[in-house]
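There's a structure below that I have some questions on.
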Amino acid sequence: MGMKYYAKSKKKGLSDKERGKQIKEPEEEQKTLNSHQEDIVRCAEAFFEEYGRYFSEKEKRLVIEACRIHDWGKANLVFQVMINPELAGERKLNVKSISQIPHGHLSAVTLSQNEFFAMDDSFTKDDFGAFVTAVYHHHTRKDQEDSSELRTYGKKYYLEEISDYLGQTRTKLYCSNLNQLLFHNNGYSGKFLCDPAVWNEYLLVKGLLNKFDYTVSAGYENAELACDIREKRLKKEVESFLEGKDLRPAQQFMKEHMDDSLVVIAPTGSGKTEAALLWLDGEKGFYTLPLKVSSNAIYSRIKNGYGYEHAAILHSDSMAMYLKENPGSAWEKQEQAKPVRGQNLLEWYEALISAALVLVLIDQLFTFVYRALGTEIFAATLKYSKLIIDEIQSYDPRSIATILYGLKTIQQMGGRYAIITATFPPVLKDFMEQYGLADHCLFADFTEDPDILIRHKVSIQYSEMYLEEIAKQGKTKKVLVICNTVSRAQEVYEKLRERNDSVWLLHSRFIRRDRNLLEQKIMEFSESDEAGIWVTTQIVEASLDIDFDILHTEMCTADSLLQRMGRCNRKGRRIPELSNIFVYDNKNGSGSIYEENLYQRSLEKLKKYEDILFLEKQKTKYMNEVYRTEAIRNTEYYRKIQDCMEKFSEIHPAEYTLSEAKVRDIKSITVIPDTIYEENQELFEEVEDRYLSKERKQEIRTKLQDLTMGINLRTCFGHPDGIDKAAIGSTDIHRTQFVYEFDCERLQGRGLLLGEKADSIFL
């Protein structure tokens, strides 16, 4: 080997001026290309030693060979000069005048098909297509060069170098390999035709290649953190928690069917969370929920209730949560940063999916449905993981379609999932049957369990809420009030405060810091002997373990209504003699938040269960009546699911960018109230310091995020007049003049009041 080839440049030292602004990072040795290649292969082999049972021998071989050759293209002279500028004079090469071809593209045309087939007798032409596509696209680069450009570039800058690097003469590039690519990343988005098995193989090879590459590039050996397969620590903690108790039917069922994909229908309070954790059986798992507040609650329950340290949480606010758990030492030591690894906080987000159990929103996990480059890692990881989908009926139609399409892919790749829910609309089962999911999973309904508690009696009111009665009830009981909109919740809260001091409000228009305090408060309130009233919105519907004596709620669709009921008399301490669920048909949200047809069907079907004990099996019947497929086939709800499922099959790879691959199309703007901005102005000034370390800048941005909230622009019908259109400095945060009302000591206030401006003006 005549020349030494490197995989990446050495870390640059800091200037004297920079040294005065931050701690100098230790200088790294420049890593050779061969060493980098060997490390990635070693990482892959170590991974398969632990998780090999989930993969065929051919799959393992494909991944390892992709790890071995994917960076061959870095041996090209232009790349080497770019990361080693001292070579420029030696080789008399001005790289600034040369259009560099991405190294992945070069790697993909270095290996011939015959060489590929010689690697393993089981390899086929389809395997080659998946393999070469994974190598070619292992970085997101546009591919606009043609065969002649590749050949010319190869002769000038690559063939001699790759021959030297490999120790074997290479006289040409195999540009015919381009004909085997499954797709191109060149802006073309025509009809995509690909055998699902071949596509799934590409997802596997590309996803794991990226995973191992990310791991090694970050300086680590193991692609997964705190593997629990052998010790089954979480399972043991759950079993210890349940010791001395008879397993509930749903828990026993999921424990007995740990190797199967499942749909389990069980009432709120029947131990579904424990059932799901038993089903995991120590294997790597993802636990998905519809809302951040419910993800936070389950994360806290697993970490603090079961003492399990190897869980991670992944959503837009989880960075702030993590820093609160690890104040001041987030990047100092790996031991202090569990389950996050990496001395650079910018690496932490991707590292989180390597935890043994990840609490995650579908928004992050199911982006691979959109076939955006960079999302393959999620599909590949789900092949050897177990996936829990909690309360699937709580999602909007587009999200439901995304989940179902994603589950189809996971099923085809050999992964397993468990849908756990209090209610399962029959229309969803029909969609699962239509797309071949139902044939590969077991369905179990435990709503007719004779030991299920009797918890609810419903009264329907065709009016606005009875505030005087609610205020009176709140003197001696725990009363939960759920409104369909934030503005209505604020209005009800203000009127109740005039009648009762013990009233709190929880909705999405509090800054994250204050909302976290309120979420903690409502959980503590639920467990206490305290009487009072909580006014909330839909954010308390799913997987939030709170228990109130009485529920007053605006009418909504059946799925949401039953979820809301689950927050009242949750533990069934008493069989209600009088109504403890009051449903108000005031039309707030009908036609805007909830489809009018489903809203009306939910109301009409509810009437037959009024003023009687509303049994769990009757709730199932009620849900089935509302969401009977034939009855709702012409609704927007049904059409959206069907249309999205059809469109997903036609999406061309690279049609969506990573940032465009959004499961839930929520257009929002991040805002900070002026009063909060003025108190923290120095943070905004510091984050603009060009010499600030990346770690400190990330820490500040996380602190700032904690002082903001997201405002749904659809709710505001465009850009609200009271929000500055220009963001503050380099952040994406906008100042708002709208009044922000919150007492941090009493944890009371209305939050952000859209339409009510403060006296201050923008500077």
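Sort Ile64, Ile162 so the one with the fewest other Cβ atoms within 10 Å of its own Cβ comes first. Could you put the intermediate results ahead of the total?
On the way: Ile64 20, Ile162 23.
The most exposed by this proxy come first: Ile64, Ile162.
Something else now. Angle check, please: helix 125-136 long axis (alpha carbons) against the longest principal axis of the chain (alpha carbons), in degrees 0 to 90, nearest 10.
Helix 125-136 and the main axis of the chain meet at about 90 degrees.
Over the residues of segment 668-757, compute the C-alpha Rg and express it relative to 2.2 N^0.38 Å.
On the way: Rg = 13.9 Å, N = 90, 2.2 N^0.38 = 12.2 Å.
For segment 668-757, the normalised Cα radius of gyration is 1.14.
Next question, about the same structure. Quick one: which residues, 5 or more positions from Cys568 or on another chain, have an amide H under 5 Å from its amide H? H modelled 1.01 Å from N in the peptide plane, none for Pro or chain starts.
Residues meeting the amide H criterion: Phe548.
Something else now. Note down the nm distance, to one decimal, between modelled labels 7 Å out along Cα→Cβ at Asp449 and at Lys647.
In this crude spin-label approximation the distance works out to 3.9 nm.
Now a separate question. Please give the Cα centre distance for segment 492-510 versus segment 441-481, rounded to the nearest Å.
A separation of 20 Å, based on Cα centres.
Cut-off 11 Å, label point 7 angstrom out along Cα-to-Cβ of Glu221: give me the residues of segment 43-66 whose amide nitrogen falls inside.
Backbone N within reach: 43, 46.
Skipping prolines and chain starts, which residues have an amide H placed within reach, meaning under 5 Å, of the one on Gly532, given they are 5 or more residues away or on another chain?
Lys477, Lys478, Val479
Out of segment 202-233, which trypsin sites (Lys or Arg not before Pro) are coil in DSSP terms and have no more than 11 other C-beta atoms within 10 Å?
Working: sites: Lys206, Lys211, Arg230, Lys232, Arg233; in loops: Arg230, Lys232.
Sites meeting the loop and neighbour criteria: Arg230.
Only Cα pairs under 8 Å and at least 6 apart count here; give the relative contact order of segment 364-414 as a rounded whole percent.
Working: 25 pairs, mean separation 22.9, N = 51.
Answer for segment 364-414 is 45 percent.
Let me know the charge dipole size of segment 668-757 about its Cα centre in debye, to the nearest 20, where only the beta-carbon of Lys, Arg (+1) and Asp, Glu (-1) is charged. Mind dumping the intermediate values first?
Numbers: 12 positive and 18 negative charges, 87 e Å.
Approximately 420 debye in magnitude.
Here's something else I'd like to know. Over all directions, how big on average is the projection of the convex hull of the alpha-carbon atoms in the chain, in square nanometres? Display every interim value, and only then the final one.
Working: hull surface 139.2 nm².
With the hull built on Cα positions only, its mean projection is 34.8 nm².
Run through the DSSP bridge list for the chain and note the antiparallel percent, rounded to the nearest 5. Show your work: numbers first, answer last.
Values: 12 of 66 bridges.
Percentage antiparallel, nearest 5: 20.
Among residues other than Ala46 whose Cβ falls under 13 Å from its Cβ, what is the net charge (Lys/Arg +1, Asp/Glu -1)? Walk me through the intermediate numbers first.
Working: positive: Arg42, Lys60, Lys211; negative: Glu38, Asp39, Glu45, Glu49, Glu50, Glu221, Glu224.
Net charge in that neighbourhood comes out at -4.
Further question on the same structure: Distance between the C-alpha centers of segment 172-242 and segment 398-433? Whole Å please.
21 Å
Treating the Cα atoms of segment 16-217 as identical point scatterers in vacuum, please give the log10 of the normalised Debye intensity I(q)/I(0) at q = 0.11, 0.13, 0.17, 0.19 Å⁻¹, two decimals.
Debye curve over Cα of segment 16-217, log10 I(q)/I(0) at q = 0.11, 0.13, 0.17, 0.19 Å⁻¹: -0.57, -0.77, -1.21, -1.43.
For segment 423-439, just list the computed ³J(HN,Hα) in residue order, Karplus coefficients 6.51, -1.76 and 1.60, θ = phi - 60°, integers in Hz, with x standing in for Gly and Pro.
Along segment 423-439, the couplings run 9, 10, x, x, 4, 6, 5, 5, 5, 5, 5, 4, 9, x, 7, 5, 6 Hz.
Over 29 Å between Cα atoms: which of Lys303/Lys383; Lys272/Lys619; Lys172/Lys211; Lys245/Lys607; Lys60/Lys284 fall into that group?
Numbers: Lys303/Lys383 25 Å; Lys272/Lys619 17 Å; Lys172/Lys211 31 Å; Lys245/Lys607 38 Å; Lys60/Lys284 18 Å.
Going by Cα-Cα distance, Lys172/Lys211; Lys245/Lys607 fall outside the 29 Å limit.
Still on this structure: Could you put Lys303, Lys284 in order, starting from the residue whose Cβ has the fewest other Cβ atoms within 10 Å?
Working: Lys303 18, Lys284 26.
Least crowded to most crowded, the residues run Lys303, Lys284.
Can I ask one more? Taking the number of other C-beta atoms within 10 Å as the exposure measure, put Ser112, Ser176 in order starting with the fewest.
Details: Ser112 16, Ser176 11.
Fewest-to-most Cβ neighbours within 10 Å comes out as Ser176, Ser112.
For segment 458-614, give the magnitude of the charge dipole about the Cα centre (Cβ charges: +1 Lys/Arg, -1 Asp/Glu; no others), in debye to the nearest 20.
In total the dipole reaches around 180 debye.
Classify segment 129-244 as rounded, prolate or oblate, taking a ≥ b ≥ c as the square roots of the eigenvalues of its Cα gyration tensor: rounded when a/c is under 1.5, otherwise prolate if a/b is larger than b/c and oblate if not. Numbers along the way, then the final one.
Details: a/c = 3.62, a/b = 1.97, b/c = 1.84.
Prolate, because a/c is 1.5 or more and a/b exceeds b/c.
Another question, then. Rounded to the nearest 500, what is the chain's calculated 222 nm mean residue ellipticity when only DSSP H runs of at least 4 contribute -39500 (n - 2.57) each, over all residues? Don't skip to the end; give the middle numbers.
Working: 32 runs with 308 residues, N = 763.
About -11500 deg cm²/dmol.
Which Cα, out of Ser270, Met254, Gln681, lies furthest along the positive dipole direction of the chain (beta carbon charges, K/R +1, D/E -1)?
The residue sitting most towards the positive pole is Gln681.
Among the lysines, which fall within straight-line cross-link reach of Lys495, defined as a Cα-Cα distance under 18 Å, with same-chain neighbours fewer than 8 residues apart omitted?
Within reach: Lys472, Lys475, Lys478.
A short reminder: the numbers here are calculations on the coordinates, not readings from a lab. Keep in mind that what you see is a predicted model, and the values were worked out from it rather than measured. Neighbour counts are summed over all protein chains in view; Cβ atoms, including those assigned to glycine, are modelled from backbone coordinates with ideal geometry.
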